[in-house]
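The values are calculated or read from the model by the stated rules, or taken from the named source; none is laboratory data. Keep in mind that what you see is a predicted model, and the values were worked out from it rather than measured. Cβ coordinates were reconstructed from backbone atoms using ideal geometry, including for glycine residues, and neighbour counts include every protein chain displayed. Only protein heavy atoms, including side chains, enter the accessible area calculation; ligands, DNA and RNA are left aside. Shrake-Rupley method; radii C 1.70, N 1.55, O 1.52, S 1.80 Å.
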Amino acid sequence: MTALHRREFLRRFGLSAAGAVSLTRGTRSQSHRTSADVELELRAAPSTVALLPGSPTRVWSYSGRVIKGPPTTIQTMTQSYGGPILRLQHGQRVRIQLVNDLPEPTIVHWHGLDVPEQADGHPRLAIGSGQRYTYEFEVINRAGTYWYHPHPHMRTGSQVMHGLAGIILVSDGVEAAHKLPAGADEIVCVLQDRRFDERNQFVYTSGMSIGMMGMPTEMMTGFLGDRVLVNGRLPETLSLATRPYRVRLMNGSNSRVYKLAWSDDGPITVIGTDGGLLERPVTRRYLTLAPGERVDTILDLSSRPVGTRLTLRSLAFPSSLFDLPMGGGRGRGRGMGRGMARAATSQSLPMGAPLDLLPVSVDRREHTRFALPPRLSTFEPAWQPPPGVPTRTVRIDFHRMRFFLNGRDFDLADVAEEETVKAGSTHIWEFDNRASGSRGMMASMRMGHPIHLHGRQFRVLRRQIDPEYAPDYRSLSEGFVDEGWKDTVLVMPGERVQVLVQFSRYPGLFLYHCHNLEHEDMGMMRNYRIV
Ligand code: C2O
Ligand code: CU
Ligand code: CU
């Protein structure tokens with residue numbers, strides 16, 4: 001690591017938040033023009049929670065309060081740092097007051113929701129300690145599993161890791177008609193890996209804690225913990241009955257990818273993805289879930305004998321898919337990055353390590369009648385690209401120890417011409433993770449990136465994998481669910497992924513970025529403008 005790289009690194013991780021605040025003074029209060037159906041207060045504040053035996057863990061977490069609307073809009077998580085589940089209905093006009101009781105700037109983003117610019121949580125809208133921000137939007141999304149999390153400039157990874165994130169469940173008439181398992185038969189699982197020190201406090205390798213030692217490899221590959229929490233607490237065995245359950249899975253980890261399967265190796269029935277219900281159910285042997293992605297499934301225990309035990313697991317896959325060998329070789333610990341990798345990641349579990357996530361025990365016999373409808377929803381617009389649709393390539397490249405999108409990194413205000421689109425227009429965007437030549441040094445600097453577009457659900461049109469990468473690729477690719485609406489897509493090393501996106505009708509400045517939060521914070525993010 002050269003002195004130049006270190007300076008650049010410190011500049012990017014240093015007192016960066018201050019800049020964000022000074023840019024945003026005066027943008028925080030909006031007039032309360034419209035009358036809302038639902039009004040909530042969401043407070044971000046430091047807190048403590050007993051996560052492990054012994055000392056409680058200091059966390060940052062969201063707490064919510066219903067000011068107006070159904071009291072069931074907010075469902076608090078107990079003994080957890082997880083934010084409350086927000087239950088919204090399609091068509092509701094929502095007002096949310098964010099209160100920042102954190103010691104640093106923050107702003108909330110509603111991941112997956114199509115909202116106006118002022119409600120999207122762009123980092124330039126961050127508010128300082130003690131300030132409020134009022135969001136106003138109408139829920140125009142389909143029923144589905146969405147989520148919310150902070151989005152301040154260069155501090156997203158740290159704030160999410162310390163506990164700031166929560167689930168949004170949107171419902172609508174189409175979904176309600178299916179009478180899917182609900183109430184106690186609906187299980188929401190937010191998967192997040194964490195690391196604790198000997199005093200039960202979270203360990204997060206921020207740039208500043210590494211100081212002049214050089215840029216930690218961990219910040220390039222992303223944060224990895226050594227255990228996985230479910231819904232912001234240690235997983236406990238779920239006691240279930242012989243009936244069908246709806247299991248919604250969300251990867252809220254900073255960078256870890258999961259290869260999810262039940263321990264009986266049975267096929268998993270998938271009914272939805274990031275943007276809600278599929279057209280019809282599909283099955284998978286396992287599910288690949290990258291940071292930011294959600295998948296909606298049915299776990300039917302009707303024919304299981306009482307006493308059955310099952311575990312939701314993450315299966316093993318090659319860590320080379322998400323690792324930077326730093327010098328030509330494949331796999332962690334080879335080449336010039338070895339020393340740094342050891343220092344920064346000695347206690348973390350490598351990506352691709354097998355994990356037990358959630359134990360389930362079938363304890364009661366109960367009969368319910370539930371038949372999964374063969375048709376779940378209708379996709380509009382049709383997902384075939386219209387003739388003459390503009391195609392644009394977003395190249396993922398790596399140089400000077402960082403990832404870039406088309407050679408550019410993030411700037412609060414910068415938008416290139418090719419990043420400007422017309423409201424409501426349809427485009428193909430191709431994310432190319434094989435750019436800059438596919439051989440040699442550059443080829444070994446490639447890892448998978450979950451690419452996310454704000455404000456829109458898109459369709460995955462096409463994936464093409466470089467033959468060189470195909471063997472490892474296949475250890476995860478069968479777990480993709482590309483049949484549904486997506487707002488985050490995992491682009492594997494050596495892969496090109498084309499998505500079809502019809503941009504929002506809301507004009508303004510929105511973001512697209514890698515949802516590996518360390519990558520995002522280091523600038524693997526860009527604005528796009530809707531005009
Ligand atoms: Cu969930 Cu800009 O991200
Ligand atoms: Cu988002
Ligand atoms: Cu990335």
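Measuring nothing but how far apart in sequence close Cα pairs (under 8 Å, 6+ apart) lie, relative to its length, segment 138-184 scores a relative contact order of 46 percent. Here the alpha carbons of segment 24-177 define both size measures, Rg and Dmax, at 15.2, 49 Å. Here the contact order of segment 27-109, divided by its residue count and restricted to Cα pairs under 8 Å and six or more residues apart, works out to 35 percent. For the pair segment 283-312 and segment 155-205, the centres of their Cα atoms are 17 angstrom apart. Taken over segment 368-511, the ratio of Cα radius of gyration to 2.2 N^0.38 Å equals 1.18. Summary of packing: across the peptides 520-528, 314-322, the per-residue average of other C-beta atoms within 10 Å ranks them, highest first, as 520-528, 314-322.
Taking only protein heavy atoms and a 1.4 Å probe, the accessible area of segment 368-488 is 52% carbon and sulfur. Between S263 and T134, the modelled label-to-label distance comes to 5.2 nm, taking each label 7 Å out from Cα in the direction of the beta carbon.
Label reach from S361 (point 7 Å along Cα→C-beta): in segment 290-305, no amide nitrogen lies under 13 Å. Assign one of three labels to segment 50-130, namely rounded, prolate or oblate, based on the Cα gyration tensor with a ≥ b ≥ c the square roots of its eigenvalues; rounded applies when a/c is under 1.5, prolate when it is not and a/b is larger than b/c, and oblate otherwise. Oblate, because a/c is 1.5 or more while a/b does not exceed b/c. Considering only L113, L88, H149, the residue lying farthest towards the positive end of the dipole of segment 24-177 is H149, judged by Cα position with unit charges set on Cβ.
Averaged over its residues, segment 24-177 has an accessible area of 35 Å² per residue, based on protein heavy atoms and a 1.4 Å probe.
To put it simply, the accessible area of segment 24-177 at a 1.4 Å probe is 50 percent carbon and sulfur.
Between E418 and D197, the simple label model (points 7 Å from Cα in the Cβ direction) yields a spacing of 4.5 nm.
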